[in-house]
Amino acid sequence: MPAVSLRPSAQEGKAPSGRRGRRLGVEIKPGSARQARLEAGLSLGQVARDDISRTAIYFVETGKSRPSIETLTLIAERTGRPIDFFLADSPGSDQGSVAALADVERLIAIGDNPGAVAAGEAILQRKLPPDTQATVQHLVAFALLRLSQPIKARPLLAAARSYFERVGDQLMVAECLASESSAAGLLEEPQMLALAEAALAALRSCKVVPPLTETRVLFVLANAHCFNQDWQTAAEFFQQSIDAAEVVRDLRRLSLSYGGIALAYQELGRYGLAARFSRQALAINETLNDKRNLAVSENNLGLLLTRAGDYESGREHLNRALELHDEYGLDGKSHALTSLAELELAQSHLDEAEEAARTALALSSSLSESLSIAESHLWLGRIAEARGRPEVTDYEFEAAIATLGGAGFRLPRHRIHADYAEILEERGDLAGSIRHLKAALGSSGRPGVAAALTSSAIA
């Protein structure tokens with residue numbers, strides 16, 4: 001633990017004659033008191049309560065005065081942070097680390113994850129106080145997860161969690177465990193759920209549970225239940241995440257949670273509820289002017305309406321998703337094209353369906369997007385079966401399976417094998433159907449449950 005400085009505050013100076021002597025104060029890291037309060041979702045008055053004035057807390061946050069050890073203890077208890085979180089870096093340490101750390105956080109906030117990784121890795125080359133190093137490690141890992149690089153993120157998360165466990169910072173332990181759960185999800189590993197449950201347990205052990213952290217941990221736990229295809233439990237945790245996000249009006253998290261709960265209710269066959277939540281996600285992304293997630297929301301709602309049989313409305317939203325991709329050059333257009341192929345096939349527009357699927361295949365192949373390549377082959381196989389061309393169907397499904405290979409992509413492989421098994425059964429090829437049904441069950445966490453082609457969202 002860094003040494004506590006008991007030097008008098010420079011702001012207080014010498015005590016005038018006839019008044020009490022200089023007051024002792026604790027030197028704390030600039031911005032740490034305000035950061036702790038905001039992350040706990042508290043106002044100045046909620047930290048101060050009846051023990052101290054809001055003005056005094058404000059002066060501590062802005063660096064106009066140093067807190068007494070009693071005041072610092074009060075702030076720590078009410079924000080759920082250990083004393084170590086606030087204490088100033090020891091002499092000789094990198095004094096620019098606080099500003100550099102803030103820059104990494106800013107880059108993550110604006111969605112510049114490559115920039116955040118580069119900036120964070122540069123900071124980690126310096127000699128840093130242990131708490132700053134652990135925080136930067138977690139931030140870099142978080143950005144890496146958003147870039148779908150879980151293998152690089154894992155050692156950083158392990159090192160950060162080890163430090164936070166050692167100093168008793170359960171809030172950051174929960175954050176690290178949630179990120180480790182997301183990493184396991186990206187790698188399709190079964191410990192995703194156990195890590196998410198451990199994150200929630202660590203969070204619940206805190207005296208103060210910040211709504212911002214709570215909504216993230218609940219979101220990750222809901223995703224873990226999606227991974228296990230326990231859609232009812234997933235919906236319940238998504239709803240809890242929504243409730244926590246509404247407390248602090250975290251619109252981005254609300255959008256992700258609304259999208260997640262819409263997927264869960266779709267899998268449960270509750271299309272009305274799914275459509276309602278999907279529309280709420282879409283409305284938030286319109287408010288945020290988040291073009292990428294708006295395109296995703298338009299696509300998800302269009303696909304949901306298609307599967308519910310409302311083809312006209314489904315087409316409207318799918319076309320809007322494609323327009324956004326074209327206008328802003330967004331990634332993920334191939335997925336929107338396979339959604340359109342599904343709509344056209346549902347309406348028996350076989351030529352239009354094939355054109356959309358082949359365009360998706362060409363685009364995803366040029367970008368080496370394995371999941372979208374496999375999904376394009378899947379729809380080309382379904383279209384060929386509808387045309388009465390079983391040899392083409394077999395080729396396309398075999399190409400889809402071969403694209404994903406034997407490692408990873410557990411849920412997409414389950415979907416492809418299950419769809420192919422259904423087609424073979426309808427043809428009367430029971431042996432082939434049983435073979436692919438067994439392959440589907442072998443790649444599924446829970447037998448007999450259809451899985452959507454989804455990836456783990458990192459919030």
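Miscellaneous remarks
- Applying the criterion of being exposed (fewer than 14 other Cβ atoms within 10 Å of the Cβ) and over 15 Å from the mean Cα position of the chain (by Cα) to the residues of segment 104-120, the residue that is farthest from residue 166 (Cα to Cα) is 114.
- The single condition among (1) part of a helix (DSSP H, G or I); (2) surrounded by fewer than 16 Cβ atoms within 10 Å (Cβ to Cβ); (3) of a type outside the set (Val, Ile, Thr) that residue 269 does not satisfy is (1).
- Any chance residue 144 is under 20 Å from residue 219 (Cα atoms), in contact (Cβ under 8 Å) with a residue 12 or more places away in the chain, under 19 Å from the mean Cα position of the chain (by Cα) and not in a loop (DSSP other than H, G, I, E, B): yes
- Which numbered condition residue 123 misses (of (1) under 18 Å from residue 174 (Cα atoms); (2) crowded, with 16+ Cβ neighbours inside 10 Å): (1)
- Single residue of 336, 362, 346 found to be out of contact with any Pro (no Cβ under 7 Å at 6 or more places or on another chain) and buried (at least 24 other Cβ atoms within 10 Å of the Cβ): 336
- Residue count for segment 202-228, restricted to those that are in contact (Cβ under 8 Å) with a residue 24 or more places away in the chain and surrounded by fewer than 21 Cβ atoms within 10 Å (Cβ to Cβ): 8
- Only one of the numbered conditions (1) closer than 22 Å to residue 330 by Cα; (2) in a helix (DSSP H, G or I) is violated by residue 131, and that is (1).
- Count of residues meeting criterion [in a loop (DSSP other than H, G, I, E, B), over 33 Å from the mean Cα position of the chain (by Cα) and of a type in the set (A, V, I, L, M, F, W, C)] in segment 30-75: 1
- Filter result for residue 295 (within 23 Å of residue 331 (Cβ to Cβ), touching a Phe, Trp or Tyr at 6+ places or on another chain (Cβ under 7 Å) and assigned to a helix (DSSP H, G or I)): no
- Scanning segment 276-307 for residues that are surrounded by fewer than 24 Cβ atoms within 10 Å (Cβ to Cβ) and small (Gly, Ala, Ser) yields one hit, 283.
- Looking only at segment 277-322, residues that are of a type in the set (Lys, Arg) and at pLDDT 95 or above come to 3 in all.
- Only one of 355, 398, 426 that is out of contact with any Asp or Glu (no Cβ under 9 Å at 6 or more places or on another chain) and either free of Cβ contacts under 8 Å to residues at least 12 places away in the same chain or hydrophobic (A, V, I, L, M, F, W, C) (or both): 398
- When residue 388 is tested against (1) outside the structural domain of residue 434 (by TED's automatic domain parsing); (2) in a helix (DSSP H, G or I); (3) not hydroxyl-bearing (Ser, Thr, Tyr), just one condition goes unmet, and that condition is (2).
- Unique residue being of a type in the set (Phe, Trp, Tyr) and either closer than 30 Å to residue 123 by Cβ or under 13 Å from the mean Cα position of the chain (by Cα) (or both) when the list is 237, 164, 227: 164
- All positions within segment 76-95 that are under 15 Å from residue 169 (Cβ atoms) and either modelled with pLDDT under 65 or outside any loop (DSSP other than H, G, I, E, B) (or both): 76, 77, 79, 83, 84, 85, 87
- Just one residue in the set 141, 99 is buried (at least 18 other Cβ atoms within 10 Å of the Cβ) and aliphatic (A, V, I, L, M); that residue is 141.
- Test: residue in segment 360-367 that is modelled with pLDDT of 95 or more, part of a helix (DSSP H, G or I) and not small (Gly, Ala, Ser): yes
- From 244, 235, residue being buried (at least 23 other Cβ atoms within 10 Å of the Cβ) and touching a Pro at 6+ places or on another chain (Cβ under 6 Å): 244
- Residue satisfying all of: in segment 144-186; of a type in the set (Gly, Ala, Ser) and within 18 Å of residue 213 (Cβ to Cβ); surrounded by the fewest Cβ atoms within 10 Å (Cβ to Cβ) among these: 168
The values are calculated or read from the model by the stated rules, or taken from the named source; none is laboratory data. Note that this is a predicted model, so its numbers are computed, not measured. Because the Cβ atoms are built from the backbone with ideal geometry, glycine has one as well, and the counts that use them run over all protein chains shown.
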